[in-house]
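J.: Sharing a structure, written as structure tokens. Questions coming.
Bear in mind these aren't lab numbers, they're just calculated from the coordinates by the rules spelled out. Treat the numbers as computed from the prediction; the structure is a model and nothing was measured. Glycine also receives a Cβ, built like all others from the backbone with ideal geometry; neighbour counts cover every protein chain displayed.
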Amino acid sequence: MRPKIGFVLGIEAAGLRSERAAAIEATGCDSLWAGGHVVSREPASEVVTSVTWLASVTERVRVGSAVLVLPLYSPVVVAKQFAELDRVTGGRITLGIGSGSDPDEIAACGGSSAGRAARVDESIEIIRALWRGEKVTRAGAAWTLADTTIAPLPAQPQGPPIIVAGRKPPAMRRAATLGDGWMPSMFSPSAYARSVATISEHAAGPLTGFEWMCLVYVRVDDEATAMARAVSTLTDEMSLPRADAEALLSRTAAIGTPEQVAASLQRYVDAGVNHLVLRCCADDDFEEQISRVMTDVAPHLSATRQP
């Protein structure tokens, strides 16, 4: 059995036509994800808009945010939006959240970077309580609510899974204590294995049903072309110097021939990943890249942790 495989789309997510979405679903992938920002140096879609669009043009795959920067949003609004998305899709929604790294973006949305971690933890607690149908009353550090409730509730009992993104120990603690899964990005397989150990140590008990995800950049091509396309993607998205992009990709990406990509991804699976979330380094050929991954790479992957 192979691990689950999903793909995160960039700005192309908002506007994907139904026939193209159907072709992607037909490859047999398990999930589609959208990211985004409100304020950013490079063009970016807004994540809730993109997730809504993906949900509307797909029928089978799980659809999620990778990721929603939680300090930018009211947790009540997020709870309502994702409950409604889950309801109309019959329970296909996952909420991937992060704490954000750009203080200017957080400030522009009315938030503060001070106490950001506590604000994210409090927001998750509020979202979960609202999804359970509770009347929420609290005077927290970030939010004051009085008998607040939402209806209708999500299709999934207790609400959509909440997947925690991040790279540092506080995010790992959050995943272990408040999340249903873990999805770092730009992690090497060895770093991922260490994060599995850290999260397991923080967990109160067995992590039954926990989703061990990792967002990995991927390009299937001859080795030189694959590296060139991956570097171009990373320098555009992260404004990195070329040398830094190459060094980062050599540690954390799966690029090259189908055999090389399969070997790289298998190392993540062996480190504990049971759901690969892949960002294709592509522009107009991202659908072809998804097809190549599912046709030429996926059959060679073997799950070591039961998805």
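J.: Rank the residues Trp212, Trp53 as a footprinting-exposure proxy: fewest other Cβ atoms within 10 Å of their Cβ go first.
T.: Result, fewest neighbours first: Trp53, Trp212.
J.: Given an 8 Å cut-off on Cα distances and at least 6 residues of separation, report the relative contact order of the stretch 4-300 as a percent.
T.: On the way: 567 pairs, mean separation 48.5, N = 297.
The normalised contact order for the stretch 4-300 reaches 16 percent.
J.: Still on this structure, please answer the following. Could you give the angle, 0 to 90 degrees to the nearest 10, between helix 242-252's Cα long axis and the longest principal axis of the Cα atoms of the chain?
T.: The angle comes out near 80 degrees.
J.: Would you mind listing how long the stretch 162-307 runs along its three principal axes, going by Cα atoms, in whole Å with the largest first?
T.: If we take the Cα atoms of the stretch 162-307, the spans are 46, 34, 23 Å.
J.: Could you line up Ser18, Ser195 from fewest to most neighbouring Cβ atoms inside 10 Å?
T.: Starting with the residue having the fewest Cβ neighbours, the order is Ser18, Ser195.
J.: Going by how many other Cβ atoms sit within 10 Å of their own, how do Val273, Val38 line up, fewest first?
T.: Ascending number of Cβ neighbours within 10 Å: Val38, Val273.
J.: If you scale each eigenvalue of the Cα gyration tensor by 5 and take the root, what three semi-axes come out for the chain, rounded to whole angstrom and sorted largest first?
T.: Ellipsoid semi-axes (Å, largest first): 30, 20, 20.
J.: Can you list the lysines whose alpha carbon is less than 27 Å from that of Lys80, not counting same-chain residues fewer than 8 positions off?
T.: Partners found: Lys135.
J.: So, counting K/R as plus one and D/E as minus one, what does the shell of residues with Cβ under 13 Å around Thr257 add up to? Before the final figure, lay out each step's value.
T.: Working: positive: Arg219, Arg292; negative: Asp221, Asp222, Glu223, Glu259, Asp296.
After counting each charged neighbour, the total is -3.
J.: When the Karplus curve 6.51 cos²θ - 1.76 cosθ + 1.60 is applied with θ = phi - 60°, which whole-Hz ³J(HN,Hα) does each residue of the stretch 70-79 get, with x for Gly and Pro?
T.: 4, x, 7, 10, 6, x, 5, 5, 4, 4
J.: Here's another thing I want to ask about it. With both bridge residues required to lie in the chain, what share of the DSSP beta bridges run antiparallel, to the nearest 5%?
T.: 10
J.: Tell me, what ³J(HN,Hα) does each residue in the stretch 125-131 have, in order and in whole Hz, if you take phi through Karplus 6.51 cos²θ - 1.76 cosθ + 1.60 with θ = phi - 60° and put x for Gly and Pro?
T.: Going residue by residue, I get 4, 5, 4, 5, 5, 5, 5 Hz, with x marking Gly and Pro.
J.: Dipole magnitude of the chain about its Cα centre, charges +1 at Lys/Arg Cβ and -1 at Asp/Glu Cβ only, in debye to the nearest 20? Let's see the in-between values first.
T.: Details: 29 positive and 35 negative charges, 216 e Å.
It comes to approximately 1040 debye.
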